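All remarks here apply to the structure that follows.
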Amino acid sequence: MEILSGAYRECGQNEFAVTTAHEGIRLAPQSINGRVILASSLARGGWPGEARRVARQLLELDAGFSVAQYVARQPFRDPAVIERIAEELKSAGLPD
């Protein structure tokens, strides 16, 4: 589900990204990556309050989470994609 929701996010289908990420979290409640994708999709889609709520949940599961460490592990070749995701995650309240 994480790969599908990330793909929806990257092709601009935020509502599908959000729905799919929610389903992935339902199936794997401890999923950090699912919450990262959900938070960035919510931020990108114009739901900042929801993005912050998901970010708080993520930090409850992983207090040491950092945007910099997360984006350093991403496979995207285009630096603009990485920067956009990083900015979305920071806008959701996740620490750099």
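Looking at region 75-96 only, could you name the residues that are open to solvent by less than 30 Å² (accessible area, probe 1.4 Å) and not acidic (Asp, Glu)? Reasoning before the result, please.
In the first step, residues of region 75-96 are kept if they are open to solvent by less than 30 Å² (accessible area, probe 1.4 Å); the result is 81, 85-86, 88-89, 92, 94.
Passing the criteria: Val81, Ile85, Ala86, Leu89, Ala92, Leu94.
Are there any pairs, at least 6 apart or on different chains, whose C-beta atoms fall under 7 Å, with the first in region 5-21 and within 11 Å of Leu38 (Cβ to Cβ) and among the aliphatic types (A, V, I, L, M) and the second open to solvent by less than 70 Å² (accessible area, probe 1.4 Å) and not in a helix (DSSP H, G or I), and if so, which?
As it stands, the answer is Val18/Gly45, since those pairs meet every condition given.
Would you mind finding the one in Leu27, Leu59 that is out of contact with any helix residue (DSSP H, G or I) (no Cβ under 8 Å at 6 or more places or on another chain) and closer than 15 Å to Glu2 by Cβ? Show your work before the answer.
Details: Leu59 fails: closer than 15 Å to Glu2 by Cβ.
On inspection, the qualifying residue turns out to be Leu27.
For residues that are within 20 Å of Ile3 (Cβ to Cβ), out of contact with any Leu (no Cβ under 9 Å at 6 or more places or on another chain) and either outside any helix (DSSP H, G or I) or among the charged types (D, E, K, R) (or both), tally how many sit in region 63-96.
Total satisfying the criteria: 7.
Run Pro75 past the list (1) at pLDDT below 95; (2) within 11 Å of the chain's Cα centre (by Cα) and report the number of the one that doesn't hold.
Just one mismatch for Pro75, condition (2).
The values are calculated or read from the model by the stated rules, or taken from the named source; none is laboratory data. Bear in mind the structure is a predicted one, so any value in this text is a computation, not a measurement. So basically every Cβ, Gly included, is an ideal-geometry build from the backbone, and we count neighbours across all protein chains shown. Calculation scope for accessible area: heavy atoms of the full protein, side chains included, ligands and nucleic acids excluded. Shrake-Rupley method; radii C 1.70, N 1.55, O 1.52, S 1.80 Å.
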